[in-house]
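What follows is a short report on a single structure.
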Amino acid sequence: MKKIVVLSGAGISAESGIKTFRDSDGLWEGHDVMEVATPEGWKKNQALVLDFYNQRRKQALSVKPNAAHYALVELEKHYDVTVITQNVDNLHEKAGSSKVMHLHGELFKTRSTFDESLVYDMNGWELKKGDKCEKGSQLRPHIVWFGEEVPMMDAATKEAMKADIFIVIGTSLVVYPAAGLVDFAPATSKIYVVDQNMPYISPRPNMILIEEKATIGMKKILEELILAS
Ligand code: APR
């Protein structure tokens, strides 16, 4: 089976009703990203950060995957598909994708502020001050904040290197190291880029740019790739 590697960003979840980051004037759901998505912001105001992610979780519980998420699931009938997502929502999993890597963490997980290897699944949507890990330290959202390392990057790079086909979908490609993943795809791979407002990407052979919404772009790719399989 040929291998498809997907790099998805906020744009794939937009049609499900989750706002992207950079389409809203530098504000993320009304908040300054530096206040809610950095270690400094956490140090300054834990209550604000906890509340922000509690709201994101509540929202995530009420939204559903869209046709673009489902198209990636459909591709698994014909290809070996790995989804590498920058999104912290769980819409790829809800749709049924079987191999999903979350580069920037996961909304429905928490981790210890004392030992980052202690990661827990959440039961509900609320993480509170005073919720502690087994060693007695405050739990924080399991999110990779600005300025933090991306622990999944090595594994994601290895996947990218195996891609026969690489699909970039709904990302502004401005946040590194995620944005550089496509450069690890072999020179022979076919690259699709889907975005309603095409981001800059270094041109290379076998690259197809589809300037459409995620659902429409993925429909086209699905039809083409099923025919080619
Ligand atoms: N269909 C396709 N593309 C869309 C749609 C849509 N319906 N709506 C928006 N887009 C595109 C935008 O044109 C933009 O290029 O999705 C992209 C979203 O870009 P960003 O908001 O920058 O999101 P992303 O690239 O995922 O951000 C990367 O930055 O804030 C951090 O950690 C956070 O993972 C995030 C990272």
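Per the Kirkwood treatment, what hydrodynamic radius in Å, one decimal, follows for region 37-127 from the mean inverse distance over all distinct Cα pairs?
Radius from the Kirkwood sum: 14.7 Å.
Calculate one ³J(HN,Hα) per residue across region 204-212 by plugging θ = phi - 60° into the Karplus curve 6.51 cos²θ - 1.76 cosθ + 1.60, and present them in order as whole Hz with x for glycine and proline.
8, x, 6, 10, 10, 9, 10, 8, 8
Taking a probe of 1.4 angstrom, what is the accessible area of Asp115 in Å², to the nearest 10?
Near enough 40 Å² of accessible area.
Non-local amide H neighbours of Met207 (under 5 Å, H modeled in plane, Pro and chain starts lacking H): which ones?
Excluding prolines and chain starts, which carry no amide H, the hits are Ile191.
log10 I(q)/I(0), Debye, Cα-only region 116-229, no solvent, q = 0.12, 0.13, 0.17, 0.23 Å⁻¹?
For region 116-229 at q = 0.12, 0.13, 0.17, 0.23 Å⁻¹, log10 I(q)/I(0) is -0.61, -0.68, -0.92, -1.28.
Set the Förster distance to 30 Å, then compute FRET efficiency between Glu149 and Ala228 from the Cβ-Cβ distance, nearest 0.05.
Plugging the Cβ-Cβ distance into 1/(1 + (r/R0)^6) gives 0.20.
Just the accessible area per residue of the chain, please: how many Å² with a 1.4 Å probe?
Averaged over the residues of the chain, the accessible area is 49 Å².
Just Val175, Val36, Val88 to compare: in a GNM of the chain, with alpha carbon springs under 10 Å, which one fluctuates most?
Most flexible of the set in this elastic network: Val175.
Between their Cα atoms, which of Lys77/Lys213; Lys99/Lys190; Lys64/Lys213; Lys2/Lys58; Lys3/Lys219; Lys19/Lys43 are more than 28 Å away from each other?
Table pairs above 28 Å Cα-Cα are Lys2/Lys58.
Between Glu212 and Leu48, what FRET efficiency comes out of the Förster formula 1/(1 + (r/R0)^6) with R0 = 41 Å and r the beta carbon distance, rounded to 0.05?
0.65
Tabulate in residue order the Karplus-calculated ³J(HN,Hα) for region 43-51, using 6.51 cos²θ - 1.76 cosθ + 1.60 with θ = phi - 60°, rounded to whole Hz; enter x for Gly and Pro.
Using θ = phi - 60°, the values come out as 4, 6, 8, 4, 4, 5, 5, 4, 5 Hz.
Mind putting a number on the dipole of region 70-178 about its Cα centre? Charges go on the C-beta only, +1 for Lys and Arg and -1 for Asp and Glu, and I need it in Debye to the nearest 20.
240 debye
Could you rank the peptides 74-83, 41-50, 122-131, 1-10 by their average count of other C-beta atoms within 10 Å per residue, with the highest value first?
Packing order, densest peptide first, comes out as 1-10, 74-83, 41-50, 122-131.
The values are calculated or read from the model by the stated rules, or taken from the named source; none is laboratory data. Note that the structure is a prediction, hence the values are computed from the model and not measured. For neighbour counting, all protein chains shown are included, and Cβ atoms are generated from backbone atoms with ideal geometry for every residue, glycine included. Note: areas computed on protein heavy atoms with side chains; ligands, DNA, RNA excluded. Shrake-Rupley method; radii C 1.70, N 1.55, O 1.52, S 1.80 Å.
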